[in-house]
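The values are calculated or read from the model by the stated rules, or taken from the named source; none is laboratory data. For clarity, every value in this text was computed on a predicted model and none was experimentally measured. Here the Cβ positions follow ideal geometry from the backbone for every residue, glycine too, while neighbour counts run over all protein chains shown.
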Amino acid sequence: MDLAKSATAAVSNVSSDTEESKDSIRDDDYPKPAIAWSSVGVLSVAYMFSLMDRSILVLLVEPIKADLQISDTQVSLLTGFAFALVYTVMGIPMGRVADLWVRKYVILFGVTVWSLLTLLSGFARSFGQLFLARMGVGFGEAGLTAPALSMISDLFPPKRLAFPLSVFMLGGYIGGSLSLVLGGAIIGFSESVGSVNLPIVGEILPWRFVLMVAGLISLSIIIPLMFLSEPKRHHKNNKNESVNSRHIDFNEVLAYLWQHKKFYGVFLFAASCNYIIAYGSASWIPTYFIRLHGWDASSIGMTLGLVSLLPIIIGSLFSGRFIDYLYCQGYRSAPIWVMSVAGPMQLIALLTMVYAPLIEIKICAIFFTYLFGAMYVPMEPLTIQMATPNAIRAQVSSIMLFVLNLVGIGLGPLSIALVTDYIFKDDMAVGDSMAVISLFAYLLSAIAFYFCINPYRDRLMDVLGPKID
């Protein structure tokens, strides 16, 4: 407890303004809108490319298996474990470096690493080489999200932060779709022309060519990133500039989170429950339609891609605008309430998709499932950014991403599979399994969100003062 109190004091000394300094931070202390929005645009494109490089391997499973002579288990390690382990673990030190150093440089480093490793994946001649390359992709991508969230939080006043964060998160959604669209287009082109002969390298099979092209496309984003300006960090103690975030070690950051566990702990539990559904449903909805309705993988992939794109854009951008409006009206707990409403609505849409008698109704339900899911996702990083002192925002964001991704990726698909295999004991009951896990997870998240409303208001009072400017 003593360490927690000293950490609270240390963070407060670094990042919490006196009333005089808070009042001195005006809208004109932030970059001009053109500069701020151009920065968000570049960061959003970088996020889009990161999701594209992260996901594109799932389209190349069969040719990789045939060329490298590997098993399904080894493929699953390449598409999941190799990336996820490094990505989740290395996000925390990357977040700390971003709090101590220039965030733009951390992002540039991450983009360069993951792009080059994606490109080099095309040269892998064995499972071990490709596994190491995928780990490198995870290491590079760990340097983007948390630093970018912290950076965007210093580009806009708090009362206008939700919409820019929604735009940034939207880039990730689009990147996931582009991994299918662009990946499919590149695969189709490369297969039509067959193997490609490159100078020095020699013959390149289509799957290798796809990874090389994807890496080069991502590498191109470093050019606009180099021209970004590092925004000034706001909500610092302007009366003591000699004190800075380098004086806060990671143990003090953890102690600070423990000191305020009534917010951080409860909020992360609530968000983790919803991530279980997000990752779980994303993994098993295609299988549901294949098993119960006889669709082929290509048809369900195209249908989900087309049906989901519009609601993702609408839901993400609307929620950002709406939260900014509510903050201006003085509703300090607005993100918590939006998540509390969007979660159950997404549950209703998911249950409708599972149990509706007509395929047309199921497709409409998919639309609303993605709509409410897209409304929910930007609220998580916004809530953390608003409630956390500037000096440790990237580190806290990286810890949040570590927990959410670990729980979501680890338990989401697995929990639904376990219910299908060991409770229903019927592969055709995958829809019922999604329904059971969804009901249970959303019930827990709704209770947790209720208990973190007042602690969230307290955090905003400590970090931003009595008024959200």
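When you scan region 376-388, do you find a residue that is in a loop (DSSP other than H, G, I, E, B) and of a type in the set (S, T, N, Q), even just one?
yes
Sort through PHE368, PHE372 and tell me the only one that's surrounded by 18 or more Cβ atoms within 10 Å (Cβ to Cβ), among the hydrophobic types (A, V, I, L, M, F, W, C), within 13 Å of GLY320 (Cα to Cα) and in the same structural domain as TRP284 (by TED's automatic domain parsing). Step through it out loud before you land on a result.
Numbers: PHE368 fails: within 13 Å of GLY320 (Cα to Cα).
When all the criteria are applied, what remains is PHE372.
Taking the conditions exactly as written (farther than 21 Å from GLU230 by Cα, among the hydrophobic types (A, V, I, L, M, F, W, C) and assigned to a helix (DSSP H, G or I)), does LEU130 satisfy them or not?
On the way: farther than 21 Å from GLU230 by Cα: yes; among the hydrophobic types (A, V, I, L, M, F, W, C): yes; assigned to a helix (DSSP H, G or I): yes.
When the stated conditions are applied, LEU130 passes them.
Looking at GLY122 and the list (1) under 24 Å from GLY408 (Cβ atoms); (2) buried (at least 20 other Cβ atoms within 10 Å of the Cβ), which single condition is not satisfied?
Status for GLY122: all satisfied but (1).
List pairs: first in region 438-449 and farther than 14 Å from GLY408 by Cα and in the same structural domain as GLN346 (by TED's automatic domain parsing), second assigned to a helix (DSSP H, G or I) and of a type in the set (A, V, I, L, M), Cβ under 6 Å, 6+ apart or cross-chain?
Cβ pairs passing all conditions: ALA448/VAL266; ALA448/ALA270; PHE449/ALA270; PHE449/ILE336.
Looking at region 137-147, which of the residues that are within 11 Å of the chain's Cα centre (by Cα) and of a type in the set (Gly, Ala, Ser) is surrounded by the fewest Cβ atoms within 10 Å (Cβ to Cβ)?
Top of the filtered list is ALA142.
Can you tell me how many residues in region 338-361 are without any contact (Cβ under 8 Å) to a residue 40 or more places away in the chain and part of a helix (DSSP H, G or I)? I'd like the intermediate steps shown before the answer.
As a first pass, look at region 338-361 and keep what is without any contact (Cβ under 8 Å) to a residue 40 or more places away in the chain: 341-342, 345, 348-349, 352, 356-358, 360-361.
Next cut, part of a helix (DSSP H, G or I) only: 341-342, 345, 348-349, 352, 360-361.
The qualifying residues number 8.
Looking at the structure I just gave you, is ILE409 in contact (Cβ under 8 Å) with a residue 60 or more places away in the chain and either part of a helix (DSSP H, G or I) or assigned by TED's automatic domain parsing to the domain that holds PRO93 (or both)? Spell out the reasoning first.
Working: in contact (Cβ under 8 Å) with a residue 60 or more places away in the chain: yes; either part of a helix (DSSP H, G or I) or assigned by TED's automatic domain parsing to the domain that holds PRO93 (or both): yes.
Spelling it out, ILE409 is indeed in contact (Cβ under 8 Å) with a residue 60 or more places away in the chain and either part of a helix (DSSP H, G or I) or assigned by TED's automatic domain parsing to the domain that holds PRO93 (or both).
Out of curiosity, is TYR442 part of a helix (DSSP H, G or I), among the aromatic types (Phe, Trp, Tyr), under 14 Å from ALA270 (Cβ atoms) and modelled with pLDDT under 90?
Numbers: part of a helix (DSSP H, G or I): yes; among the aromatic types (Phe, Trp, Tyr): yes; under 14 Å from ALA270 (Cβ atoms): yes; modelled with pLDDT under 90: yes.
For TYR442, the condition - part of a helix (DSSP H, G or I), among the aromatic types (Phe, Trp, Tyr), under 14 Å from ALA270 (Cβ atoms) and modelled with pLDDT under 90 - is met.
Quick check on my filter: what residues within region 295-315 are modelled with pLDDT under 75 and either part of a helix (DSSP H, G or I) or surrounded by 15 or more Cβ atoms within 10 Å (Cβ to Cβ) (or both)?
Of all residues in region 295-315, those modelled with pLDDT under 75 come to 296-302, 305.
Scanning region 295-315 gives ALA297, SER298, SER299, ILE300, GLY301, MET302, GLY305.
Name the single residue, out of those in region 215-251 being of a type in the set (A, V, I, L, M, F, W, C) and modelled with pLDDT under 85, that is surrounded by the most Cβ atoms within 10 Å (Cβ to Cβ).
So, considering only residues that are of a type in the set (A, V, I, L, M, F, W, C) and modelled with pLDDT under 85, the one surrounded by the most Cβ atoms within 10 Å (Cβ to Cβ) is ILE248.
Check VAL42, VAL11 and return the single one that is on the phi < 0 side of the Ramachandran plot and modelled with pLDDT of 75 or more.
Working: VAL11 fails: modelled with pLDDT of 75 or more.
That would be VAL42, the only listed residue that is on the phi < 0 side of the Ramachandran plot and modelled with pLDDT of 75 or more.
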